[in-house]
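This report concerns only the one structure given below.
The values are calculated or read from the model by the stated rules, or taken from the named source; none is laboratory data. Keep in mind that what you see is a predicted model, and the values were worked out from it rather than measured. Don't worry about glycine lacking a Cβ; one is built from the backbone with ideal geometry, like all the others, and counts go over all protein chains shown. Heavy atoms of the whole protein, side chains included, go into the accessibility calculation; ligands, DNA and RNA do not. Shrake-Rupley method; radii C 1.70, N 1.55, O 1.52, S 1.80 Å.
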Amino acid sequence: MVLFISLSVSLAQDKLPSDPGMYYRSGVNYVPMNRACNAGMKAMGFGVRGKFVYNNPSAPAQISEHRPLFVFIGADQHPNVRQQFSLVAMNAKKKNREVEFAAGGVIKNQLEVKVTEEMPNIRIVPAADLPSGEYLLGMFQGASDATIATLLGCGYDFSIR
């Protein structure tokens, strides 16, 4: 009887949000994330490389887990559009953060993620623990690869403490 009560309480606390969007799991709660778009772009090396610049030296979402769970709610709103995710380590500066890309639009410092589709939701987890730092979780719609052309400089930014 006690085991049954504990189990039902645990399941009730782990309920996914119903509003569409990106969330990260903090304990038993799901915290909504805001979309972050770059504040500009810098060309480097005669146009062979470039950087997207993001305001502030740190993201508003501060996460203590080194392998956080992200959940994208509402993937079935566009069932014919393929959704792919990419995790990028950002370079933190004194006043901003940067994502570097190379010729051909290949984004540097990409990290592997594991994606599980449980329509209408998608779960995203880094393949390995993330060290403390700044990150951007990009979502690509209808793309076959995660390049600068499909990212367009937006995603969901967060800090690992």
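Observations on the structure shown:
- Within segment 117-161, being modelled with pLDDT of 95 or more and hydroxyl-bearing (Ser, Thr, Tyr) holds for SER132, TYR135, SER159.
- Which numbered condition ARG97 fails, given (1) at pLDDT 95 or above; (2) open to solvent by 30 Å² or more (accessible area, probe 1.4 Å): (2)
- Any chance ASN109 is out of contact with any helix residue (DSSP H, G or I) (no Cβ under 8 Å at 6 or more places or on another chain) and at pLDDT 85 or above: yes
- Scanning segment 30-49 for residues that are touching a residue at least 60 places away in the same chain (Cβ under 8 Å) and either out of contact with any Gly (no Cβ under 9 Å at 6 or more places or on another chain) or open to solvent by 30 Å² or more (accessible area, probe 1.4 Å) (or both) yields ASN34, ARG35, CYS37, ASN38, MET41.
- Checked against (1) outside any strand (DSSP E or B); (2) at pLDDT below 80, GLN84 passes all but condition (1).
- Qualifying residue in segment 51-74 (condition: at pLDDT below 90 and open to solvent by 70 Å² or more (accessible area, probe 1.4 Å)): no
- Inside segment 100-125, residues that are open to solvent by 30 Å² or more (accessible area, probe 1.4 Å), touching a residue at least 40 places away in the same chain (Cβ under 8 Å) and not in a strand (DSSP E or B) make up a count of 4.
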